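A.B. asks: Take this structure first; my questions come after.
The values are calculated or read from the model by the stated rules, or taken from the named source; none is laboratory data. Values in this document were obtained by computation on a predicted structure and should not be read as measured data. Every residue, glycine as well, gets a Cβ built from its backbone with ideal geometry; the counts of neighbours run over all protein chains shown. Accessible surface is based on the protein model in full, side chains and every heavy atom, while ligands, DNA and RNA are left aside. Shrake-Rupley method; radii C 1.70, N 1.55, O 1.52, S 1.80 Å.
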Amino acid sequence: MAEVFFSIKKEAPVSTDWFSVLGADRLIDSIQSALDSTGSLIPTTMEALILLFLGLIVFSLGLGMVFRLFFGPHCTVNRSISGFLGILFVYAITVTVYTLKPWNLNQYLSPLPFAIFRSDILILSYSACSTISLLSAQLLSLIILSFIIHLLNFLLPNGHSFLGWLFFRIMAVALAIFLNLAANWALNAFLPGVIANSAPVVLLGVLIAALLVSLFNPLLCVLFTVANPLIGLLYTFFFSNTIGKNLTRAVLSSALTCGLFYLMEYAGFSVIDITHKALLTYAPFAAVLLGIWYVFDSKL
């Protein structure tokens, strides 16, 4: 989420416009209550963020190498970690545009699940989702964003060099921000309240579909083919090769993102300084993370 879409002010009621992220109004109310009780926010220190960054590198590369060793290159888990890194860059680009506001592009930002901007601070709050409905709405929004990223990574080539890969990944992140904004607009414009209120049921359906596709895909292919060869062919083409695989990866990437946010909040790293000076400090770490993303796409 971004202040482009709504704002939090202790002296004014919270407002949400018509194309905010699923369940945004309830998330803002919950965070507003927390802010009213604390009165002030202390950003995470640079030392703590460096420690978090190093932990993220060790975890990503360690897990990627283990699965590369046992399951070969480009396995589902490593593709999911790649998507997880893509999600982090969507957050990073959104933060950068929000802070710098180049060419007024901040008005086209995509809302971010579990995130809220307050002046020059970014708050990543997992525990603020105090109800099952609100948590499910945010998870569903995160899965939608993750699915868009994985689908774009599938459709766009990797390129034959780092520069080619970088060009297509920049394109993928930019398109993901735009498509995620369009998806949230469509959900809120044509299904106001319905999706948000029934988010637990919808989320459960998405998770079951991902589980069925990943675990029982061969059996489902046979059953659909026996029932109707045309349906079996369509299922095999779309769900086995594209939609199903990317849906499974999107769920795993979302789980990794939620795990990161939970650990950040548990360790007290959930309030992040996003001033101009802070962004310059973060730049080298972002470059290293970009290199790790490239390693996952090209080697792991």
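A.B. asks: Condition check: closer than 25 Å to Ile274 by Cβ and open to solvent by 20 Å² or more (accessible area, probe 1.4 Å). Does Phe84 satisfy that?
C.D. replies: Considered against the rule, which asks whether it is closer than 25 Å to Ile274 by Cβ and open to solvent by 20 Å² or more (accessible area, probe 1.4 Å), Phe84 comes out as no.
A.B. asks: Okay, moving on. I need the full set of residues from segment 244-257 which are surrounded by fewer than 18 Cβ atoms within 10 Å (Cβ to Cβ) and among the β-branched types (Val, Ile, Thr), in order please.
C.D. replies: Within segment 244-257, no residue meets the criteria.
A.B. asks: In contact with a strand residue (DSSP E or B) (Cβ under 8 Å, 6 or more places away or on another chain), open to solvent by 50 Å² or more (accessible area, probe 1.4 Å), at pLDDT 75 or above and over 25 Å from Ala172 (Cβ atoms) - does that describe any residue in segment 23-32?
C.D. replies: no
A.B. asks: Further question: Considering segment 258-300 alone, what residues qualify as being surrounded by fewer than 17 Cβ atoms within 10 Å (Cβ to Cβ) and among the polar types (S, T, N, Q)?
C.D. replies: Hits for segment 258-300 are Thr275, Thr281, Ser298.
A.B. asks: Being in a helix (DSSP H, G or I) and open to solvent by 40 Å² or more (accessible area, probe 1.4 Å) narrows it down to one residue among Ile144, Ile148; which is it?
C.D. replies: Ile144
A.B. asks: Right, here's the next one. Cβ-Cβ below 7 Å, separation at least six or inter-chain, first residue in segment 154-176 and closer than 11 Å to Val90 by Cα and small (Gly, Ala, Ser), second open to solvent by 60 Å² or more (accessible area, probe 1.4 Å) and in a loop (DSSP other than H, G, I, E, B): which pairs?
C.D. replies: Short answer, once both residue conditions are applied: none.
A.B. asks: Select from segment 94-105 the residues that are surrounded by fewer than 19 Cβ atoms within 10 Å (Cβ to Cβ) and among the aliphatic types (A, V, I, L, M) and write down the one among them that is modelled with the highest pLDDT.
C.D. replies: The qualifying residue modelled with the highest pLDDT is Leu100.
A.B. asks: Still on this structure: Assuming Asn158 fulfils every condition listed in (1) more than 29 Å from Gly291 (Cα to Cα); (2) open to solvent by 50 Å² or more (accessible area, probe 1.4 Å) apart from one, which condition is it?
C.D. replies: For Asn158, the exception is condition (1).
A.B. asks: Among the numbered conditions (1) in contact with a Cys (Cβ under 9 Å, 6 or more places away or on another chain); (2) modelled with pLDDT under 75, tell me where Phe67 comes up short.
C.D. replies: (2)
A.B. asks: Among the numbered criteria (1) over 15 Å from Ser125 (Cα atoms); (2) modelled with pLDDT under 70; (3) open to solvent by less than 30 Å² (accessible area, probe 1.4 Å); (4) not hydroxyl-bearing (Ser, Thr, Tyr), which one does Trp18 miss?
C.D. replies: (3)
A.B. asks: Output the residues belonging to segment 243-271 that are among the aliphatic types (A, V, I, L, M), out of contact with any Pro (no Cβ under 6 Å at 6 or more places or on another chain) and under 17 Å from Ala48 (Cα atoms).
C.D. replies: Those that are among the aliphatic types (A, V, I, L, M), out of contact with any Pro (no Cβ under 6 Å at 6 or more places or on another chain) and under 17 Å from Ala48 (Cα atoms): Leu260, Leu263, Met264, Ala267.
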